[in-house]
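Single-structure report; data block below.
The values are calculated or read from the model by the stated rules, or taken from the named source; none is laboratory data. This structure is a prediction, so every number in the text was calculated from the model and none was measured. Note: ideal-geometry Cβ built from the backbone for every residue, glycine included; neighbour counts use all protein chains shown. With ligands, DNA and RNA removed, areas are computed over all heavy atoms of the protein, side chains included. Shrake-Rupley method; radii C 1.70, N 1.55, O 1.52, S 1.80 Å.
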Amino acid sequence: MAEQYDVIVLGSGPGGYVAAIRCAQLGLKTAIVERENLGGICLNWGCIPTKALLRSAEIFHYMNHAKDYGLAAEKISADLNAVVARSRGVAKQLNQGVTHLMKKNKITVHMGTGTLKGAGKLEVKGEKGSETLSAKHIIVATGARARDLPFAPADGNRVWTYRHAMTPKEMPSKLLVIGSGAIGIEFASFYNDMGAEVTVVEMMDRIVPVEDADVSAFLEKALTKQGMTIMTGAGVESLDVGAKGVKARIKGKDGKIVEADYSHVIVAVGIVPNTENIGLETLGVKAERGIIAIDDYGRTNVPGVWAIGDVTPGPWLAHKASHEGVIAAESIAKELGNKHVHPHAMDRRNIPGCTYCHPQIASVGLTEAKAKEAGYEVKAGTFPFIGNGKAIALGEAEGFVKTVFDAKTGELLGAHMIGAEVTELIQGYVVGKTLETTEAELMATVFPHPTLSEMMHESVLAAYGKALHI
């Protein structure tokens, strides 16, 4: 007999384990299936351990610039193995936290590889053999993996994915990073701060191309000032991988081929959803290029099958996956007769994005260019870090905050920031957008002094020609 549940969640990343917890909170008998580590890629090999690495690099940077703060630090050095060990320790601690949450919420954990075998049936193959689970509803939350270059697959020695870059066998001396999205730029920033000579190659005409053009331009100048080589409108033609390094042939924006030698290469050219061989075809679940089609509540075209996170349309972010998990869980509970839950549709316009390079980037909503393309008459305001007292006191006077409004209605269309701790500031704008705030409410809000958040207020004022400190 198959073990019977109300809900089975396939995958325990930030989407899967949050969905399982919310299902359990709503009184549903819930199981979760995981083939590797509870917490998934984000917690074990992504968001969390990379932030631990970046924190070490940030402190190392400050130590090397101690004199800027009237301090003295001598014989400063970094122990890469210790930095990595700390990062792995942070991941382990949070993995144990998820394990505790599963027990606390009475969620049954099945370790193994899950495959859909028919309506409401999931086969799990683990170390102890196979077992079949049954449920009225199954949530697919299997996440994604790094995309390989077809002509140079990652080997963990000279050519790395983010996973190899997180546990390096040695410190790169000369590093090539292919791709300037969040993953590529974060590792470029980490290794640059740790002392590597870093080159970033981006095929688009600017780095972090999903961000506002002003943010991209500012970041390129900042990274170049830090010593990085930035090549935009460029592509890697080939990699000749040897025992002691990699020879890269790079086609520049001028069409000329440049050859250069690197000790290591990080490939950060996107992700591939983990939707092969999990039985989607058996049930007829619609997917295109591995991305599962869903409605705004996580339903697929097949009743009883749901999907969340990186197997669904983007943005591919952990917090988006978690939010989708809650929405799907509440929608399932409602279908099973719970009259006290009121699931809301996912609004992708209000999903923030954060990149933890140095300086940090954070954004939500439309860029100025996208707003104009959408037909809006735009009012945009920018306020620089150099005009903020707290930023100057912190020694972090590089960056700016930019807000974009609909000139006709005052609707907040987007916000874009670059500088110290902007990943902690962006949520103010996310709340504002979710509440459908206009410029009037933001202008009338009292911001504490001295804080970095005052730049948010000044940016709003600047959009309407009322900035006070510039």
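Some points to look at:
- Only listed residue being of a type in the set (D, E, K, R) and touching a residue at least 40 places away in the same chain (Cβ under 8 Å), chosen from Glu411, Glu421: Glu421
- Here the condition is being open to solvent by less than 30 Å² (accessible area, probe 1.4 Å) and in contact with a helix residue (DSSP H, G or I) (Cβ under 8 Å, 6 or more places away or on another chain); of Ala57, Ala78, Ala73, it holds for Ala57 alone.
- Selection status of Ile59, part of a helix (DSSP H, G or I), without any contact (Cβ under 8 Å) to a residue 24 or more places away in the chain and β-branched (Val, Ile, Thr): yes
- Selected residue (only one of Ala248, Ala165, Ala222, Ala188 is touching a residue at least 40 places away in the same chain (Cβ under 8 Å), part of a helix (DSSP H, G or I), touching a Phe, Trp or Tyr at 6+ places or on another chain (Cβ under 7 Å) and not acidic (Asp, Glu)): Ala165
- Here Gly120 qualifies as on the phi > 0 side of the Ramachandran plot and either of a type in the set (Ser, Thr, Tyr) or in contact (Cβ under 8 Å) with a residue 40 or more places away in the chain (or both).
- Of the residues examined, Glu396 is one that is touching a strand residue (DSSP E or B) at 6+ places or on another chain (Cβ under 7 Å), within 30 Å of Leu71 (Cβ to Cβ) and among the charged types (D, E, K, R).
- Selection from the stretch 191-200 of residues that are of a type outside the set (Phe, Trp, Tyr) and part of a helix (DSSP H, G or I): Asn192, Asp193
- The residues of the stretch 168-185 that are under 16 Å from Ile361 (Cα atoms) and in a loop (DSSP other than H, G, I, E, B), listed by number, are Ser180, Gly181.
- For the stretch 279-290, residues that are within 24 Å of Tyr162 (Cα to Cα) and in contact with a strand residue (DSSP E or B) (Cβ under 6 Å, 6 or more places away or on another chain) total 1.
This table checks each residue for (1) open to solvent by 40 Å² or more (accessible area, probe 1.4 Å); (2) modelled with pLDDT of 95 or more; (3) assigned to a helix (DSSP H, G or I).
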| residue | (1), (2), (3) |
| --- | --- |
| Glu424 | yes, yes, yes |
| Tyr429 | no, yes, yes |
| Gly432 | no, yes, yes |
| Met443 | yes, yes, yes |
| Lys466 | yes, yes, no |
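- Taking the stretch 378-400 as the range and being open to solvent by 60 Å² or more (accessible area, probe 1.4 Å) and within 21 Å of Thr423 (Cβ to Cβ) as the test, the residues that pass are Thr382, Ile386, Lys390, Ile392, Ala393, Leu394, Glu398.
- Scanning the stretch 303-339 for residues that are small (Gly, Ala, Ser) and crowded, with 24+ Cβ neighbours inside 10 Å, we see that the one that is nearest to Leu10 (Cα to Cα) is Ala307.
- Checking each residue in the stretch 142-156 for being touching a residue at least 60 places away in the same chain (Cβ under 8 Å), over 29 Å from Tyr17 (Cα atoms) and either β-branched (Val, Ile, Thr) or surrounded by fewer than 15 Cβ atoms within 10 Å (Cβ to Cβ) (or both) picks out Phe151, Asp155.
- Residues located in the stretch 20-44, provided they are in contact with a helix residue (DSSP H, G or I) (Cβ under 9 Å, 6 or more places away or on another chain), farther than 12 Å from Ala318 by Cα and either among the aromatic types (Phe, Trp, Tyr) or part of a loop (DSSP other than H, G, I, E, B) (or both): Leu26, Gly27, Leu28, Lys29, Glu36, Asn37, Leu38
- The residues of the stretch 84-135 that are part of a strand (DSSP E or B), more than 27 Å from the chain's Cα centre (by Cα) and of a type in the set (Gly, Ala, Ser), listed by number, are Gly118, Gly126, Gly129, Ser130, Ser134, Ala135.
- Flag if His137 is modelled with pLDDT of 95 or more and buried (at least 16 other Cβ atoms within 10 Å of the Cβ): yes
- If you go through the stretch 6-19 and keep only what is over 16 Å from Arg299 (Cα atoms) and either part of a helix (DSSP H, G or I) or without any contact (Cβ under 8 Å) to a residue 24 or more places away in the chain (or both), you end up with Tyr17, Val18.
- When Gly375 is tested against (1) surrounded by fewer than 21 Cβ atoms within 10 Å (Cβ to Cβ); (2) in contact (Cβ under 8 Å) with a residue 24 or more places away in the chain; (3) farther than 24 Å from Ser322 by Cα, exactly one condition is not met: (2).
Table: residues versus (1) of a type in the set (Ser, Thr, Tyr); (2) part of a loop (DSSP other than H, G, I, E, B); (3) touching a strand residue (DSSP E or B) at 6+ places or on another chain (Cβ under 8 Å); (4) surrounded by fewer than 18 Cβ atoms within 10 Å (Cβ to Cβ).
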site	(1), (2), (3), (4)
Asp240	no, no, yes, yes
Gly255	no, yes, no, yes
Glu259	no, no, yes, yes
Val265	no, no, yes, no
Thr275	yes, yes, yes, no
Asp296	no, yes, no, yes
Asn301	no, yes, no, yes
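- Within this structure, Lys370 fails the test of being of a type in the set (Lys, Arg), closer than 27 Å to Val269 by Cβ and open to solvent by less than 30 Å² (accessible area, probe 1.4 Å).
- Matching residues, the stretch 81-109, being open to solvent by 40 Å² or more (accessible area, probe 1.4 Å) and in contact (Cβ under 8 Å) with a residue 60 or more places away in the chain: Arg88, Thr99, Leu101, Lys106, Thr108, Val109
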